[in-house]
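Let me begin by presenting the structure, written as C-alpha cells, before commenting on it.
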Amino acid sequence: MGTENTVRRQTYAGLFLVTLATLMYEILLTRIFSVTMWYHFAFVAISVAMFGMTVGAIVVYLFPRYFAQEQTKYHLALGALLFAYTIVFSFLTQLSIPFVPQMSITGLYSLALTYTVITVPFVFSGICVSLALTRFPDHVGKLYAVDLAGAAVGCLLLIYMLDITDGPTGVIAVTFVACIGAMFFAADAGAKRVRRIALTSAILFGI
C-alpha cells in the first residue's frame, strides 16, 4: 500500500474536526438566520448545507484528474483550510446583504444571493468529506465512524458554546476548529506551507 493510501491518526483527527465544525456552523446558521431574517427562513440553512456538501462531492467526482490519488492528503488539507476561511468571509458577506422581505425581484435576488454565499463553505467541507470517504477504501468504515462522531459531538458542543458566547463569536470559534482540522490534514500530507498558514490562522482566530 502506497503512502498516499495510508490513513494515520492525523487523517482521523482532521476529518473529526472538519465534520464537527461543519455541523456546528450549520446549526449555528439557523440561530443567526432567525435574527437576520424571518425565523421560518432559518431552517433553509440546513438544506443549504446539504446542497453545498453535495456540490463538493460532485466536484470531486467530475474532476478525478485534479483530485488524483497521490494528491489526496494535500487536497484534504487545502480543502479544510479553504473551508475555514470561507466560513468567515461568507458570513461577513451574508451580513452585508440587505434582507428584503418582499415578493419582488429584489427580494428574491436578496434571498438567492444570501443562500449562494452561505453555500460556499459547505462545498469545501463536502470536498474534504468526499475525499476522505472515497480515497481510502480499506478504512472507510472507521473514517465514516469518525465522520459521524465529529458531527454528533459538534451538535452537542454547540449547545454549551451558545451558553457562553453569541452567534457571530461562535462563527469565529467554529473557524478556529476548522483551522485545527486543516493543521492535522497538513501534518499528515507533509504540506508545511499549508500547516503554517493553518497554525497562524488558528492563533489569530483563537485570539
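The values are calculated or read from the model by the stated rules, or taken from the named source; none is laboratory data. Note that the structure is a prediction, hence the values are computed from the model and not measured. Backbone-built Cβ (ideal geometry, glycine too); neighbour counts: all protein chains shown. Keep in mind that these areas ignore ligands, DNA and RNA; they rest on the heavy atoms of the full protein, side chains included. Shrake-Rupley method; radii C 1.70, N 1.55, O 1.52, S 1.80 Å.
Whole number in Å², please: accessible area per residue of segment 2-147, 1.4 Å probe, ligands, DNA and RNA not counted.
In whole numbers, segment 2-147 has 49 Å² accessible per residue.
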Problem set entry | Extension gain from Arg9 to Asp163, taking 0.36 nm per residue of separation minus the Cα-Cα distance | 52.3 nm
For this session: Could you tell me which of rounded, prolate or oblate describes segment 23-139, using a ≥ b ≥ c as the square roots of the eigenvalues of the alpha-carbon gyration tensor, with rounded for a/c under 1.5 and, failing that, prolate when a/b is larger than b/c and oblate otherwise?
Result: prolate
Exercise. Hey, quick one: spin label on Thr106, modelled 7 Å out along Cα-Cβ, who in segment 20-41 has an amide N within reach, i.e. under 20 Å?
Worked result: 36-38
For this session: Starting from the Cα of Val55, step 7 Å along the direction of its Cβ; do the same at Ile97; then give the gap between the two resulting points in nm.
Result: 1.0
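Over all directions, what mean area does the Cα convex hull of segment 146-207 project, stated in square nanometres?
It is 4.5 nm².
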Exercise. Going by the alpha-carbon gyration tensor, a ≥ b ≥ c the square roots of its eigenvalues, is segment 111-182 rounded (a/c under 1.5) or, if a/c is not under 1.5, prolate (a/b greater than b/c) versus oblate?
Worked result: oblate
For this session: Once you have the Cα-Cα distance between Leu113 and Ala68, take 0.36 nm times their residue separation minus that, and quote the gain in nm to one decimal.
Result: 13.0 nm
Problem set entry | Theoretical ellipticity at 222 nm over the chain - DSSP helices of four or more residues, -39500 (n - 2.57) apiece, nearest 500 | -28000 deg cm²/dmol
Exercise. With the contact rule set at Cα under 8 Å and sequence spacing of 6 or more, what percent relative contact order holds for the chain?
Worked result: 38
Seminar exercise, completed: Taking N as the number of residues in segment 73-167, the ratio of its alpha carbon radius of gyration to 2.2 N^0.38 Å works out to 1.37
Seminar exercise, completed: Answer check: the chain, Cα atoms, Kirkwood Rh, Rg/Rh ratio of 0.99
Problem set entry | Estimated distance in nm for a label pair at Phe89 and Trp38, the labels positioned 7 Å out from Cα along Cα-to-Cβ | 3.2
Exercise. So, with a 1.4 angstrom probe, what is the percent of accessible area on the chain that is carbon and sulfur?
Worked result: 70
Exercise. Which whole DSSP H helices in the chain pass both tests: a Cα extent of 30 Å or more along the axis and a mean Kyte-Doolittle value no lower than -0.5?
Worked result: 9-36, 72-96, 105-134, 140-164, 167-189
Exercise. Based on the mean of other beta carbon atoms within 10 Å per residue, what is the order of 163-172, 82-91, most packed first?
Worked result: 82-91, 163-172
Exercise. If we sort 18-31, 185-198 on the protection proxy, mean other Cβ atoms within 10 Å, highest first, what's the order?
Worked result: 18-31, 185-198
Exercise. Given a 1.4 Å probe, how much area per residue of segment 167-207 is accessible, in Å²?
Worked result: 49
Exercise. What is the Cα centroid distance between segment 53-120 and segment 156-207, reported in whole angstrom?
Worked result: 18
